[in-house]
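**Student:** Take a look at this one; I'll ask things after.
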Amino acid sequence: MTEDNLKQQIQWLLKEKYNGHATEEFDKDVERLEAGEPLDFIIGFVDFLDCKIDLSKRTLIPRVETEFWVDQVLEDLDYSAKLRILDIFSGSGCIGIAVLKKLPNSCVVLSDSEVIAIEQIRINAGLNNIDPSRYQIIRSDLFENITGKFDIIFANPPYISLKNQDQIQKSVLKYEPKPALFGGDDGLLYIEALLAQAKDFLGDQGKIYIEFDPPQENEIVKMIKRHGYSGHGFIKDQYNRLRCVYVAK
Ligand SMILES: C[S@@+](CC[C@H](N)C(=O)[O-])C[C@H]1O[C@@H](n2cnc3c(N)ncnc32)[C@H](O)[C@@H]1O
């Protein structure tokens, strides 16, 4: 981090967590920042679309690229639709909770394999005042404990390639949970597994939205064809890179 960046983050910390009043606790937090800990973990939450996302269990910090493409998908959906939606690889629950806020007549299953994520999702659903009758939180390795059909599956799987580990920011490797990051040697392990299994969980008009790393585009298109899906398209992020692929059953 540059000197200017650090200064900016210290100002942000002071404003967001300490309401402008520097205390001893603030000085300790500045030391954590200087040691490389992500600001969002120190502040303890982020904003994601219209939701407040607590990060006290230290799930993956929601990224602005994810926020951008999810917003685009939600903008195109009918507000009053009664959909059954799955947020698989849910982490903090940011995607599923944003969906629950935006689509008041829809229900969402939020699932993740990790205990910390299950706890974090529960905290965030409560924090955002979501009616408990509208969601289910399920600990599941991929689809193992998931049942029924969905109109939409949202997925932000771990997709960093182990081969590219050395290009990842040190603070990400040190502070963010490993199960949220890596998708095997080429990063495609979970995307392939998702595409192989998801069809059985989609309604006839069902669609999957999957976040990925732009260089994975060609391999993902091959997988979509190999698994016999009827069509696909892409959504770009705010940096004009392909970031999400949507796949029709
Ligand atoms: C990239 S994070 C995405 C978190 C969140 N959806 C977001 O967009 O910020 C991927 C999540 O997948 C979970 N995960 C990893 N392996 C999994 C598996 N086999 N089955 C289900 N979830 C898994 C991780 O625990 C992590 O929370």
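**Student:** In square angstrom, what is the accessible area per residue of the chain with a 1.4 angstrom probe? Kindly include the intermediate steps, with their values, before the conclusion.
**Tutor:** Numbers: 12620 Å² over 249 residues.
Here the residues of the chain average 51 Å² of exposed surface.
**Student:** With the full set of protein chains in place, find how many percent of the accessible area of the chain is carbon and sulfur; take the probe as 1.4 Å.
**Tutor:** The nonpolar share, carbon plus sulfur, comes to 47 percent.
**Student:** Give the cross-link partners of Lys15 among the lysines, using a straight C-alpha distance below 19 Å as the criterion and excluding same-chain residues fewer than 8 apart.
**Tutor:** Lys7, Lys28, Lys52
**Student:** For segment 206-238, state which chymotrypsin sites (Phe, Trp or Tyr not before Pro) are in a DSSP loop and have at most 13 other beta carbons lying within 10 Å of their beta carbon.
**Tutor:** Numbers: sites: Tyr209, Phe212, Tyr229, Phe234; in loops: Phe212, Tyr229.
Qualifying residues, ordered by number: none.
**Student:** Follow-up. Need one word for segment 69-110: rounded, prolate or oblate. Basis is the Cα gyration tensor (sqrt eigenvalues a ≥ b ≥ c); a/c below 1.5 gives rounded, then a/b vs b/c decides.
**Tutor:** oblate
**Student:** Where does the charge balance sit around Asn105 when Lys and Arg score +1, Asp and Glu -1, over other residues with C-beta under 14 Å from its C-beta?
**Tutor:** Neighbour charge sum, excluding Asn105 itself: +2.
**Student:** Now for a separate question. To the nearest Å, what is the center-to-center distance of segment 26-71 and segment 166-243, using C-alpha atoms only?
**Tutor:** Centre-to-centre (Cα) distance: 23 Å.
**Student:** In the full protein assembly as shown, how much of Leu127 is accessible to a 1.4 Å probe, in Å² to the nearest 10?
**Tutor:** Result for Leu127: roughly 80 Å² accessible.
**Student:** Show which lysines lie in cross-link reach of Lys163 when reach means a straight Cα distance below 16 angstrom and same-chain residues fewer than eight apart are skipped.
**Tutor:** Those lysines meeting the cut-off are Lys178.
**Student:** Then there is this: Using a cut-off of 22 Å between alpha-carbon atoms, which lysines can reach Lys249, once sequence neighbours fewer than 8 places away in the same chain are excluded?
**Tutor:** By straight Cα distance, Lys249 reaches Lys82, Lys149, Lys199, Lys207, Lys222, Lys225, Lys236.
**Student:** Counting Lys and Arg as +1 and Asp and Glu as -1, what is the net charge of the other residues whose Cβ lies under 15 Å from the Cβ of Asp29?
**Tutor:** So the surrounding residues net to -3.
The values are calculated or read from the model by the stated rules, or taken from the named source; none is laboratory data. Keep in mind that this is a model prediction, so the values were computed, not measured. With ideal geometry, Cβ positions are generated from the backbone for all residues, glycine too; neighbour counts draw on all protein chains shown. The protein model used for the area step is the full one, side chains on, heavy atoms only, and it has no ligands, DNA or RNA in it. Shrake-Rupley method; radii C 1.70, N 1.55, O 1.52, S 1.80 Å.
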